[in-house]
Every structure is written in structure tokens, then in C-alpha cells.
Amino acid sequence: MDRSAPQLAKLQESFITHIVGPLCNSYNSAGLIPGRWVEDDDEDEEEEDDDDAETTEEEGTETLETRR
């Protein structure tokens, strides 16, 4: 690849055409691609769960600091 004349868009197009496209077609023909979309409401619930996980991690850190 020549840094003085980058061809990133062409490389990306080639990658998608030769690798990603056939892979997706294979997954689709094998039935491995999920059949339903995740709604935005579900993402909000996941974010709330992530907030709870962060709190737990912070509490664990405080416990370790107390033991020292």
C-alpha cells in the first residue's frame, strides 16, 4: 500500500465484495442470521443493566482498597 496515494475506499469496497459479502451470503443460506430485529426499547433496558454492573464494580474496588 502506498502511503502517498491512499486508496482506502477502494480497499474497503474490495474487502466487502470479496470477503464480507460471500460470508454473509453463506450465513444467510445456512440460516445463521437472526430473523428478528432488536427494538430500541430493549437497548435502553440493557443500558440500565450496564449501569448496575458499573456500580458493582465500583463497590468491589472500594472493598479492595479497604483491605489494603
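Counting only residues that are modelled with pLDDT under 85, give me the helices (runs of 4 or more DSSP H) lying completely in the chain with at least 3 of them. Give the derivation first.
Numbers: elements: 8-15, 21-30, 40-67.
Counting at least 3 such residues, we get 40-67.
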Q: Scan the stretch 4-34 residue by residue and report those that are out of contact with any helix residue (DSSP H, G or I) (no Cβ under 9 Å at 6 or more places or on another chain) and surrounded by fewer than 10 Cβ atoms within 10 Å (Cβ to Cβ).
A: Ser4, Ala5, Leu8, Ala9, Lys10, Ser29, Ala30, Gly31, Pro34
Q. Out of the stretch 1-27, which residues are within 18 Å of the chain's Cα centre (by Cα) and of a type in the set (Val, Ile, Thr)?
A. Ile16, Val20
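The values are calculated or read from the model by the stated rules, or taken from the named source; none is laboratory data. Since we're looking at a predicted model, the values are computed, not measured. Here Cβ is always computed from backbone atoms with ideal geometry, including for glycine, and neighbour counts include all displayed protein chains.
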